[in-house]
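Below: one structure, written as structure tokens.
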Amino acid sequence: MAKADLLFTGGPVFTVDPARTRATSLAVVGDRIAAVGHDEVRELTGPRTEVVDLAGKLLIPGFQDAHVHAVYGGTELAECDLTGTVGVPEYLTRIRAYADAHPDHAWITGGGWSMESFEGGLPTRQLLDSVIPDRPAFLVNRDHHGAWANTRALELAGITAATPDPADGRIEREPDGGPSGVLQEGATALVSRLVPAGTPADRLAGLLRAQELLHSLGVTGWQDALLGAFGGKPDPSDAYVTAAREGSLTARVTGALWWDRDRGAEQIGELVALREKLSHGRFRAGSVKIMQDGIAENFTAAMTAPYLDGCGCATANTGLSFVDPVALRGYAAELDALGFQIHFHALGDRAVREALDALEAAVAANGRRGNRHHLAHLQVVHPDDLARFARLGAIANIQPLWAAHEPQMDALTIPFLGPERAAWQYPFGDLLRAGATLAAGSDWPVSSPDPLAGIHVAVNRRDPEADPADERVFLPEQRLDLATALAAYTAGSAHVNGLDDAGSLRPGHLADLVVLDRDVFAAPPEEIAEARVERTYVGGRLVHSV
């Protein structure tokens, strides 16, 4: 056997390999793992071998994010950033400071504000006018399912009391029917289509900025959950193609092509052409993203029963199905037959059921084709549908950071779901026990891209930044053990991304590796989020170190 180019020793090594879960040494030749084991692996040391002494630090497979918006996230890092706080005065200070620092910007854009910061989750245009009166301002919220616009932006968009709500969204209104300043779901496009589009160079810079951040968090590959023009945002596809062709894309990326919910099967031929056109090198565009519903906080997630009102009484609203559920079955069957993976946004229990019904139709039409379809988010899953995941081969793509008590959950979600349905939220444990394959992602920039923070919540069902005095655990029976949660972020997401030779540390697999600053298995589970990434390798190449 050839001598190693890279040798890790002094373990521990967590392999995510059932045949050998723990080791103490690993050797790399070229871009592949050559050997995994103990002292015998050191025999591969040669005169040119770089030896990394783990000194008790943990070596694991590189993390994979199964649902992220990397270009959008990287671009937003250069805009007005409202993340990391829930204080309204702080929001206003940051917005004013950003505007003052960019007097040449025709529009003030950015976002990250939390619905919990405002009564009913709704800021007003007048509040935004108080700091930006002279230029249009458009700031998306933390979930990216709504936006806050000032009066100038609403005027430029021509939104008045007479403007109807779009079929896939809602204009929040003042008592006289005029726009209040918040646009939900598809209504955001009424304003965002006017925002000056960034240049291809801006999008490439955003991708590279995101890649640097994700590598620093141990992420070696991901699935970008939205390629295409949506809601007035520019298509990020060109950034990936450029980076792949010029060699600056160091991560392994799958792109999910956007399904235009205002169209039908006539777009499938275009998706086939895009898959061929865009795929290059480490970037493949073999997935199709179908956004079936919205989110629970603004009552657009599709539910099997009505939302409750503030008094606990049933309303007439059961949320939105953005794609006709009967037509969806035909679309799914055709996409599956063409070899596409389908990546569903399915948050409410009706949307989950509609997506599973569509996959059932695809299996009936085509048999099992192994296209690794997956449902992302899964906030509310009806107990009757849990076993269908394994039966249909549907992968549960979880975003664990959301499965915790925090103000948006406690004030804006649970009261409007009711106790029975609130107990069906983020059922990670039930899905695992029902035989579902778990993958994991962040949905960044909606929430933190840090896999260790997500793993912390999956294991503890508590926000790592929660007040220590608040000892509540969110549905503790749905907790995952650490090995399972880590596997979801590595082998599970690599499986979703079609990387059968990544996600676990076995001879012959890609040398996508992460060194943590501690062995998280040896510490209390309450300390998982305190761990940090010291080194990240993609194909044996060091792409991040501290």
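Return the inverse of the average 1/r over all pairs of distinct C-alpha atoms in the range 67-201, which is the Kirkwood hydrodynamic radius, in Å to one decimal.
Working: mean 1/r = 0.0668 Å⁻¹.
Roughly 15.0 Å, rounded to one decimal.
Any idea how far the Cα center of the range 377-428 sits from the one of the range 291-335, in Å?
Comparing the Cα centres of the range 377-428 and the range 291-335, I get a distance of 14 Å.
Hey, could you pull the Cα Rg and Dmax for the range 1-79, both in Å?
16.4, 52
Once you compute Rg and the Kirkwood Rh from C-alpha atoms, what is the Rg to Rh ratio for the range 438-546?
Details: Rg = 14.8 Å, Rh = 15.0 Å.
Rounded to two decimals, Rg/Rh equals 0.98.
Over the chain, calculate the relative contact order: mean separation of alpha carbon pairs under 8 Å at least 6 apart, over the residue count, as a percent. Could you put the intermediate results ahead of the total?
Numbers: 1265 pairs, mean separation 93.3, N = 546.
It comes to 17 percent, rounded to a whole number.
For the range 273-375, with only Lys/Arg (+1) and Asp/Glu (-1) charged at the beta-carbon, what is the dipole magnitude about the Cα centre, in debye rounded to 20? Please report the intermediate quantities before stating the final value.
Details: 11 positive and 11 negative charges, 136 e Å.
Dipole of the range 273-375, to the nearest 20 debye: 660 debye.
Among 52-63, 373-384, 327-338, how do they line up by average Cβ neighbours within 10 Å per residue, starting with the highest? Present the calculation step by step, with values, prior to reporting the outcome.
On the way: 52-63: 21.0, 373-384: 24.3, 327-338: 19.4.
Top to bottom by mean Cβ count within 10 Å: 373-384, 52-63, 327-338.
In percent, what relative contact order does the range 432-517 have, based on Cα pairs under 8 Å that are 6 or more apart in sequence? Mind dumping the intermediate values first?
Working: 79 pairs, mean separation 22.2, N = 86.
Rounded, it is 26 percent for the range 432-517.
Please list the radius of gyration and Dmax for the chain, considering alpha-carbon atoms only, with Å as the unit.
23.3, 79
Which residue, Thr160, Ala35, Ala225, has the largest displacement toward the positive end of the dipole of the chain when charges sit on each Cβ (Lys, Arg +1; Asp, Glu -1)?
It is Ala35.
Need one number: % antiparallel among DSSP beta bridges in the range 71-192, to the nearest 5. Show your work: numbers first, answer last.
Working: 10 of 17 bridges.
The antiparallel proportion sits near 60 percent.
Rank these for me by crowding, Trp107, Trp424, going from fewest to most other beta carbons within 10 Å. Don't skip to the answer; put the middle values down first.
Values: Trp107 18, Trp424 21.
So the residues, fewest neighbours to most, are Trp107, Trp424.
Would you work out which of Ala487, Phe8, Leu347 lies farthest towards the positive end of the dipole of the chain? Charges go on Cβ: Lys and Arg +1, Asp and Glu -1.
Phe8
Over every pair of different alpha-carbon atoms in the range 275-397, take the mean of 1/r and invert it; report that Kirkwood radius in Å. Let's see the in-between values first.
Values: mean 1/r = 0.0665 Å⁻¹.
When all Cα pairs of the range 275-397 are included, the Kirkwood radius is 15.0 Å.
Mind listing P(r) for the range 27-69? All alpha-carbon pairs, 10 Å bins, whole percents.
Distribution as computed: 19, 48, 21, 11, 1 percent.
Can you tell me the relative contact order of the range 389-445? Whole percent, Cα pairs under 8 Å, sequence separation 6 or more. Don't jump to the answer; show the numbers that get you there.
On the way: 46 pairs, mean separation 37.6, N = 57.
66 percent.
Evaluate the charge dipole of the range 71-192 about its Cα centre and quote only its size in Debye, nearest 20, assuming +1 on the Cβ of each Lys and Arg and -1 on the Cβ of each Asp and Glu. Mind dumping the intermediate values first?
On the way: 8 positive and 18 negative charges, 23 e Å.
Using only the charged Cβ atoms, the result is roughly 120 debye.
Using the Cα centre as the reference, give the magnitude of the dipole from point charges on the C-beta atoms of the chain (Lys, Arg: +1; Asp, Glu: -1; all else neutral), rounded to the nearest 20 debye. All intermediate terms of the calculation are to be shown ahead of the outcome.
Details: 47 positive and 72 negative charges, 318 e Å.
Dipole size: approximately 1520 debye.
Where the centroid of each part is defined by its Cα atoms, how far is the range 220-253 from the range 159-206 in Å?
So the separation of the two Cα centres works out to 24 Å.
Nearest 5 percent is fine: what portion of the DSSP beta bridges confined to the chain is antiparallel?
Values: 36 of 77 bridges.
Of all bridge pairs located within the chain, approximately 45 percent are antiparallel.
Taken together, the values in this text are just the output of simple stated rules run on the coordinates, not laboratory data. In this text the structure is predicted, and so the values were computed from the model without any measurement. Cβ atoms come from the backbone with ideal geometry, glycine included; neighbour counts cover every protein chain shown.
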